[in-house]
Amino acid sequence: MAPMPEPVLRLLDAALVGELTVIDRSGRPVTYPLIPLWDGEKVYLTSSTLFSRKLEHIRTDARVSLSITDPVAVGGATDRATIQGDARVIEEDPHGGWERLLPIWEKKEPSIVYFLKARVALPLFFERALIEITPRRVLYWADGDAAVAPVVAMLAEEAA
Amino acid sequence: MRSTPEIDARTGLEKLATYPYQVATWIDETGYPLSVAVEARIDPVAGTARFVAPAGLAIPTANDISLTGSHIRPQPGYGYDERRHVTVWGPALVEDGIVAVRGTSAWGWDEAEVPFFEYSERSVGKSRRYFDALSAERGTPVKPRLSFGFLTLRSTRLPFLTATLVPVVLGIVIAARQGSFDLVAALLTIVGACLVHLGLNVSNDVFDTLQGADDANVTPTQFSGGSRVIQYGLVSLRQMAALSTLFYVLAGLIGLGLLAMRGSTALLVIGIVGIIVSLGYTAPPLKFVYRGLGEIAVALGFGPFMLVGAYVVQTRGALSWEPFAASIPVALLVALILYVNEIPDRRGDAHAGKRTLPVRFSRGAVIAGYNLAAGAAYVALVVAVVVGLLPVPALLMLLTIPLALQVSRGLEPNYDNPYGLMAVMGVNVKLHLLAGLALLAGYAVALVAGAVAPGVDLFIG
């Protein structure tokens with residue numbers, strides 16, 4: 001697989017929020033704001049079981065996209081990107097399996113570790129599935145302006 | 001209960017217009033979603049959003065596309081707040097390089113309108129369905145979990161035991177000041193009373209679930225709305241019923257032991273009536289709290305029954321007015337814990353036919369009721385001291401008046417805000433605890449004075 005373009009890596013590292021779009025049963029795009037976590041190879045997002053409809057959609061159709069568009073959420077950077085890829089729901093252990101991503105999550109939301117220590121207050125929020133996205137194609141707008149065609153990078157062939 | 005925050009298309013467009021840019025999303029020719037940030041001109045009245053077609057990308061006109069607005073405010077070193085998002089769907093037309101989307105449906109969430117905790121609570125059904133589906137897929141039950149310690153804390157509502165410890169210890173101390181003290185009986189009394197309280201807490205969850213009150217409540221807080229362990233799937237209804245039964249059986253055994261050790265008719269009556277009131281608090285056919293009698297049941301149970309009960313264990317049945325007088329302010333303040341905690345629950349309670357006082361009365365009447373009852377607690381204290389039933393140092397409890405005023409002042413601005421009311425409820429719980437500790441401190445002074453200066457009389461008259 002080709003590497004993720006450097007500017008997109010910077011956006012992934014900085015972004016406090018991105019827009020995950022999944023495809024619902026009727027074929028319509030449904031978008032959810034989530035914290036994107038990049039482990040150096042794949043993009044991960046976590047979803048509480050409280051808000052698990054997106055997981056149902058992914059199980060039905062694995063094709064997703066993740067956009068990073070909000071300059072406020074990336075510390076003022078004006079460039080934007082959309083990553084298309086294939087998603088997989090990882091839910092062997094909703095109670096603690098997602099915690100392997102806690103170090104990356106904590107960098108973006110330091111308070112999460114304190115909330116986790118008090119998980120008794122909101123137990124279902126911390127029952128979570130992981131969404132693992134294998135990037136396939138990346139569209140990048142250097143100045144964030146959609147009037148200019150994006151730079152497109154293919155990272156992998158389309159899933160069979 | 002609706003969990004998906006669906007809104008009409010016009011409202012969606014109105015909300016979308018407040019975002020500095022929108023994310024246009026469609027399914028591209030490869031079948032993947034594709035998103036592009038655009039700046040749309042939105043006309044909610046016409047029901048449309050228009051934006052310049054993004055360069056180099058083909059927008060489909062055969063299927064709905066969406067426009068999403070999303071906002072978050074980073075809080076460096078902490079995380080974020082001000083979360084809100086909205087998505088509007090509709091068919092798109094592309095003419096002369098302009099994309100026109102006609103909004104047909106929308107959804108979104110704004111934590112300023114629906115607080116995160118309420119949004120989460122409204123979504124509990126989704127979590128249940130998630131675990132049911134996962135269990136069916138694996139062929140074995142998969143449930144949400146909590147550590148044993150957290151689960152015990154949550155399911156029994158252990159921190160509320162202060163409501164029992166205050167009157168029971170006070171009853172024991174009053175008896176001790178009068179010269180009656182048996183350590184084993186005192187310890188058994190404390191444990192037995194705590195078990196009754198735990199049985200009450202757990203049975204309250206069982207019967208509120210069976211009668212629909214806890215399911216109807218979408219704004220529970222750490223002080224109100226029950227433990228939620230059944231709703232969250234952490235413990236089954238059957239397990240909670242068994243736990244409650246266990247607590248009551250153990251309490252009954254301790255009660256029988258105390259009767260055998262310190263036999264008295266008064267203790268027998270208090271024990272039997274106390275358990276009936278405790279169970280009947282939510283359990284049919286009595287279900288006092290559903291009839292607006294919860295405060296009276298709680299006042300009696302955590303006031304005279306606990307305090308005088310603990311006293312008669314020590315005195316082997318001898319009664320006096322002193323413990324009864326001491327129990328009145330304690331009873332009023334503990335009833336006020338329930339009373340204030342019922343305020344955020346009132347909509348769900350009304351829906352489930354749980355006609356608590358905040359369900360029955362207006363906001364003004366409920367707040368006036370708080371002021372009256374809290375004031376009565378202090379008046380009862382002063383009168384009891386003045387007529388010589390309680391020692392003068394018991395007036396230390398007056399030091400807690402500022403807390404009562406703090407609660408009173410906090411009710412009006414937070415009456416319709418369950419999460420704003422949480423701090424007020426916390427102060428109200430603290431008020432009962434500190435008032436009880438102040439009474440105990442007063443009695444500690446009386447005990448010490450009695451030991452070092454037997455001639456000094458700390459009672460008026």
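Scan region B:108-132 residue by residue and report those that are within 8 Å of chain A (Cβ to nearest Cβ) and in a helix (DSSP H, G or I). Steps first, please.
Of all residues in region B:108-132, those within 8 Å of chain A (Cβ to nearest Cβ) come to B:117, B:120, B:123-124, B:126-127, B:129-131.
Across region B:108-132, the qualifying residues are B:Phe117, B:Ser120, B:Val124, B:Lys126, B:Ser127, B:Arg129, B:Tyr130, B:Phe131.
When restricted to residues that are within 28 Å of the chain's Cα centre (by Cα) and under 13 Å from B:Leu439 (Cα atoms), region B:309-330 contains 5.
In region B:133-157, of all residues being assigned to a loop (DSSP other than H, G, I, E, B) and within 10 Å of chain A (Cβ to nearest Cβ), the one that is farthest from B:Thr219 (Cα to Cα) corresponds to B:Val142.
If only one of B:Val366, B:Val313, B:Val359 is at pLDDT 95 or above and crowded, with 24+ Cβ neighbours inside 10 Å, which one is it? Spell out how you get there, then give the answer.
Numbers: B:Val366 fails: crowded, with 24+ Cβ neighbours inside 10 Å; B:Val359 fails: crowded, with 24+ Cβ neighbours inside 10 Å.
Of the residues listed, the single one that is at pLDDT 95 or above and crowded, with 24+ Cβ neighbours inside 10 Å is B:Val313.
A quick yes/no check of all residues on (1) part of a helix (DSSP H, G or I); (2) among the β-branched types (Val, Ile, Thr); (3) not assigned by TED's automatic domain parsing to the domain that holds B:Leu421:
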residue: B:Met306; (1), (2), (3): yes, no, no
residue: B:Ala310; (1), (2), (3): yes, no, no
residue: B:Ala350; (1), (2), (3): yes, no, no
residue: B:Lys354; (1), (2), (3): no, no, no
residue: B:Pro358; (1), (2), (3): yes, no, no
residue: B:Ala374; (1), (2), (3): yes, no, no
residue: B:Tyr378; (1), (2), (3): yes, no, no
residue: B:Ile401; (1), (2), (3): yes, yes, no
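So which of B:Pro285, B:Pro323 ends up being out of contact with any helix residue (DSSP H, G or I) (no Cβ under 7 Å at 6 or more places or on another chain), in the same structural domain as B:Glu412 (by TED's automatic domain parsing) and either at pLDDT 95 or above or outside any loop (DSSP other than H, G, I, E, B) (or both)? If you could, list the steps in order and put the result at the bottom.
Details: B:Pro323 fails: out of contact with any helix residue (DSSP H, G or I) (no Cβ under 7 Å at 6 or more places or on another chain).
When all the criteria are applied, what remains is B:Pro285.
Condition (residue is modelled with pLDDT of 95 or more, outside any helix (DSSP H, G or I) and assigned by TED's automatic domain parsing to the domain that holds B:Leu253) applied to region B:185-193: is it met by at least one residue?
In the first step, residues of region B:185-193 are kept if they are modelled with pLDDT of 95 or more; the result is B:185-193.
Filter once more, so that each one left must be outside any helix (DSSP H, G or I): none.
No; the residues of region B:185-193 include none that is modelled with pLDDT of 95 or more, outside any helix (DSSP H, G or I) and assigned by TED's automatic domain parsing to the domain that holds B:Leu253.
Residues in region B:226-279 that are among the polar types (S, T, N, Q) and surrounded by 21 or more Cβ atoms within 10 Å (Cβ to Cβ) were compared, and the one that is farthest from B:Phe117 (Cα to Cα) is B:Ser278.
Of all the listed residues (B:Ala297, B:Ala241, B:Ala266), the sole one being over 28 Å from B:Glu342 (Cβ atoms), in a helix (DSSP H, G or I) and in the same structural domain as B:Val191 (by TED's automatic domain parsing) is B:Ala266.
If you scan region A:25-60, which residues turn out to be farther than 19 Å from B:Ala37 by Cα and facing chain B (nearest Cβ under 10 Å)? Spell out how you get there, then give the answer.
Residues of region A:25-60 farther than 19 Å from B:Ala37 by Cα: A:25-27, A:37-60.
Selection gives A:Ser26, A:Gly27, A:Ser47, A:Ser48, A:Thr49, A:Leu50, A:Phe51, A:Ser52, A:Arg53, A:Leu55, A:Glu56, A:Arg59.
If only one of B:Leu395, B:Leu332, B:Leu390 is closer than 16 Å to B:Ala297 by Cβ and of a type outside the set (Ser, Thr, Tyr), which one is it?
Only one candidate qualifies: B:Leu332.
Of all residue pairs spaced 6 or more apart or on separate chains, none has beta-carbon atoms under 6 Å together with a first member in region B:389-414 that is closer than 22 Å to B:Ile367 by Cα and a second member that is of a type in the set (Lys, Arg).
Looking at (1) farther than 19 Å from B:Ile337 by Cα; (2) in contact (Cβ under 8 Å) with a residue 40 or more places away in the chain, can you tell me which one B:Ser227 breaks? Condition not satisfied by B:Ser227: (1).
Of the residues that make up region B:382-399, is at least one modelled with pLDDT of 95 or more, surrounded by 15 or more Cβ atoms within 10 Å (Cβ to Cβ), under 25 Å from the mean Cα position of the chain (by Cα) and part of a loop (DSSP other than H, G, I, E, B)? Scanning region B:382-399, I find no residue that is modelled with pLDDT of 95 or more, surrounded by 15 or more Cβ atoms within 10 Å (Cβ to Cβ), under 25 Å from the mean Cα position of the chain (by Cα) and part of a loop (DSSP other than H, G, I, E, B), so the answer is no.
What are the residues in region A:43-76 that are basic (Lys, Arg) and out of contact with any Gly (no Cβ under 8 Å at 6 or more places or on another chain), if any?
Initial filter on region A:43-76 (basic (Lys, Arg)): A:53-54, A:59, A:63.
Residues satisfying the conditions are A:Arg53, A:Lys54, A:Arg59.
Take the conditions (1) in contact with a Lys or Arg (Cβ under 8 Å, 6 or more places away or on another chain); (2) under 21 Å from B:Leu200 (Cβ atoms); (3) not in a helix (DSSP H, G or I); B:Gly317 misses just one of them, which is (2). Which one is farthest from A:Leu20 (Cα to Cα), of the residues in region B:24-46 that are touching a helix residue (DSSP H, G or I) at 6+ places or on another chain (Cβ under 8 Å) and buried (at least 17 other Cβ atoms within 10 Å of the Cβ)? Only one residue tops the list, namely B:Pro44. Residues that are under 21 Å from A:Gly27 (Cβ atoms), of a type in the set (Ser, Thr, Tyr) and surrounded by fewer than 19 Cβ atoms within 10 Å (Cβ to Cβ) do not occur anywhere in region B:78-95.
Condition check ((1) within 11 Å of chain B (Cβ to nearest Cβ); (2) under 24 Å from A:Ile23 (Cα atoms); (3) aromatic (Phe, Trp, Tyr); (4) more than 16 Å from the chain's Cα centre (by Cα)) across all residues:
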| residue | (1), (2), (3), (4) |
| --- | --- |
| A:Asp70 | yes, yes, no, no |
| A:Gly85 | yes, yes, no, no |
| A:Val113 | yes, no, no, yes |
| A:Ala118 | yes, no, no, yes |
| A:Leu122 | yes, no, no, yes |
| A:Leu130 | no, yes, no, no |
| A:Arg137 | yes, yes, no, no |
| A:Ala147 | yes, no, no, yes |
| A:Val152 | yes, yes, no, yes |
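Pairs under 6 Å by beta carbon, first residue free of Cβ contacts under 8 Å to residues at least 40 places away in the same chain in region B:281-295, partner of a type in the set (Gly, Ala, Ser), six or more apart or different chains? Final answer for the pair search is B:Leu286/B:Gly280; B:Phe288/B:Gly280; B:Phe288/B:Gly294; B:Phe288/B:Ala297.
Can you report the number of residues in region B:150-165 which are farther than 18 Å from B:Ile190 by Cβ and out of contact with any Lys or Arg (no Cβ under 9 Å at 6 or more places or on another chain)?
Residues of region B:150-165 that are farther than 18 Å from B:Ile190 by Cβ, as a first pass: B:150-155.
Filter again for out of contact with any Lys or Arg (no Cβ under 9 Å at 6 or more places or on another chain), leaving B:152-153, B:155.
Residues flagged as farther than 18 Å from B:Ile190 by Cβ and out of contact with any Lys or Arg (no Cβ under 9 Å at 6 or more places or on another chain) within region B:150-165 amount to 3.
Can you tell me how many residues within region A:1-18 are in a loop (DSSP other than H, G, I, E, B) and within 14 Å of chain B (Cβ to nearest Cβ)? Working first, answer last.
First pass over region A:1-18, keeping only residues in a loop (DSSP other than H, G, I, E, B): A:1-5, A:15-17.
The next check asks that each one be within 14 Å of chain B (Cβ to nearest Cβ); those that pass are A:15-17.
Of the residues in that region, 3 qualify.
The values are calculated or read from the model by the stated rules, or taken from the named source; none is laboratory data. Remember, it's a predicted structure, so these values are computed and weren't measured experimentally. All Cβ positions, even for glycine, are placed from backbone atoms using ideal geometry, and neighbour counts span all protein chains on display.
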